[in-house]
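Scroll down for the structure; my scribbles are underneath it.
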Amino acid sequence: MRAAFQLGARLGVALAVWASGVVAPVRTHARAQAESQAKPPCDCQELADAKARLEGQAKRLNDWPDLARYREANAKLATPAKDEQRVVFMGDSITDMWVLPRFGGFFPGKPYIGRGISGQTTPQMLVRFRQDVINLQPTVVVILAGTNDIAGNTGPISNEDIEANFASLAELARVHGIRVILSSILPIHNYTTESQELFSQRSPERIVALNRWLKDYCSANRLNYIDYFSPMIDDKGLLKRDLAQDGLHPNKAGYAIMAPLAEKAIESTSSK
């Protein structure tokens, strides 16, 4: 009797093990099928956006400072005429957009060359400074940068390292006989929907601190400093609402404030 009971128990365990090996996979497959049906269909736009991001990253890695942007234009540029007071504007998107026709062409007939690249930071500008400034043999270079450094476009960076990059740009220019104008970093605002993300990336306190350093550096090294910041802020210390829809990039009204300040600094620098 006992032997029969033990045999039955062993058979029961064996059947249970066999059943778990067959039924569990069936249940697992059924559950996986149900979960896959519950998932939303593939978002083709999301895939396209991801592909674009990867392509952008690959491009940046292949040409981090974007030397290709102006290489052809630089090669076609003639050597400055004997009495030409050539000026190069070096910077990021704010400089890049300044030369666009929709902003009215603030410097008609002037031998001014735009070498701004959207999104760039001071370390990137350092790498391309020889190609896009020194080799063009300008009399003056106007440097406007720093906002994208604060935003961390090429990674986190301290104010001290940004300041060191500004100093290196100025020293490189002066070694090659190019007169230097350093510009204040523009203020920002968060008054519109479009401005929220850009504002969140840029500390107003850091902008003020770096502008203070830029002004002091120019004073100590006898360089011209353009203060765009002061005439463009409101009573809250932010960029005036009507000067930029996205809180960062000046519109035509913004550039209308900046242009005469740049002209005055260039005239003063060229006459030294």
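Scan region 164-171 and give yes if some residue there is touching a Cys at 6+ places or on another chain (Cβ under 8 Å) and under 21 Å from GLU267 (Cβ atoms), otherwise no. Taking every residue of region 164-171 in turn, none turns out to be touching a Cys at 6+ places or on another chain (Cβ under 8 Å) and under 21 Å from GLU267 (Cβ atoms).
Within region 199-232, the residues that satisfy the criterion of being aliphatic (A, V, I, L, M), within 20 Å of HIS249 (Cα to Cα) and surrounded by 19 or more Cβ atoms within 10 Å (Cβ to Cβ) are ILE207, LEU210, ILE226, MET232. Scanning region 103-147 for residues that are at pLDDT 95 or above and over 22 Å from LEU186 (Cβ atoms) returns VAL127, ARG130, GLN131, ILE134, ASN135, LEU136, GLN137, PRO138, THR139.
For region 152-181, filtering for residues that are within 19 Å of the chain's Cα centre (by Cα) and surrounded by fewer than 12 Cβ atoms within 10 Å (Cβ to Cβ) leaves 4.
Of all the listed residues (GLY109, GLY119), the sole one being surrounded by fewer than 18 Cβ atoms within 10 Å (Cβ to Cβ) and more than 18 Å from ASP66 (Cα to Cα) is GLY109.
Looking at ARG212, is it touching a residue at least 60 places away in the same chain (Cβ under 8 Å), over 15 Å from ALA145 (Cβ atoms) and assigned by TED's automatic domain parsing to the domain that holds ASP83? Spelling it out, it is not the case that ARG212 is touching a residue at least 60 places away in the same chain (Cβ under 8 Å), over 15 Å from ALA145 (Cβ atoms) and assigned by TED's automatic domain parsing to the domain that holds ASP83.
For every residue, the table says whether it meets (1) touching a helix residue (DSSP H, G or I) at 6+ places or on another chain (Cβ under 7 Å); (2) farther than 15 Å from PRO123 by Cα.
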| residue | (1), (2) |
| --- | --- |
| GLU171 | no, no |
| ARG174 | no, yes |
| VAL180 | yes, yes |
| SER183 | no, yes |
| LEU186 | yes, yes |
| ASN190 | yes, yes |
| GLU194 | no, yes |
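Criterion first (in contact with a Pro (Cβ under 7 Å, 6 or more places away or on another chain), in contact (Cβ under 8 Å) with a residue 12 or more places away in the chain and either closer than 20 Å to VAL142 by Cβ or aromatic (Phe, Trp, Tyr) (or both)) does LEU223 satisfy it? Taking the combined requirement at face value, the residue does not satisfy it. Using the structure shown, decide if ILE207 is among the hydrophobic types (A, V, I, L, M, F, W, C), more than 21 Å from PHE106 (Cα to Cα), touching a Ser or Thr at 6+ places or on another chain (Cβ under 9 Å) and not in a helix (DSSP H, G or I). Answer is no for this residue. Looking only at region 127-153, residues that are over 15 Å from SER183 (Cα atoms) and in contact (Cβ under 8 Å) with a residue 60 or more places away in the chain come to 8 in all.
Rundown of residues vs (1) closer than 23 Å to GLU205 by Cβ; (2) over 11 Å from the mean Cα position of the chain (by Cα); (3) in the same structural domain as ILE178 (by TED's automatic domain parsing), yes/no style:
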site	(1), (2), (3)
ASP96	no, yes, yes
TYR112	no, yes, yes
ARG115	no, yes, yes
PRO123	yes, yes, yes
ASN135	no, yes, yes
THR139	no, yes, yes
VAL142	no, yes, yes
ALA145	yes, no, yes
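For ALA16, state whether it is more than 27 Å from the chain's Cα centre (by Cα), part of a helix (DSSP H, G or I) and either surrounded by 10 or more Cβ atoms within 10 Å (Cβ to Cβ) or at pLDDT below 55 (or both). Yes.
Scanning region 227-250 for residues that are assigned to a loop (DSSP other than H, G, I, E, B) and more than 15 Å from LEU261 (Cα to Cα) returns ASP234, ASP235, LYS236, GLY237, LEU238, LYS240, ALA244, GLN245, ASP246, GLY247, LEU248, HIS249.
Within region 236-258, if we keep just the residues that are among the small types (Gly, Ala, Ser) and surrounded by fewer than 17 Cβ atoms within 10 Å (Cβ to Cβ), the residue that is nearest to ALA151 (Cα to Cα) turns out to be GLY237.
The values are calculated or read from the model by the stated rules, or taken from the named source; none is laboratory data. Remember, it's a predicted structure, so these values are computed and weren't measured experimentally. Please note: Cβ atoms are built from the backbone with ideal geometry, for glycine as well, and neighbour counts cover all protein chains shown.
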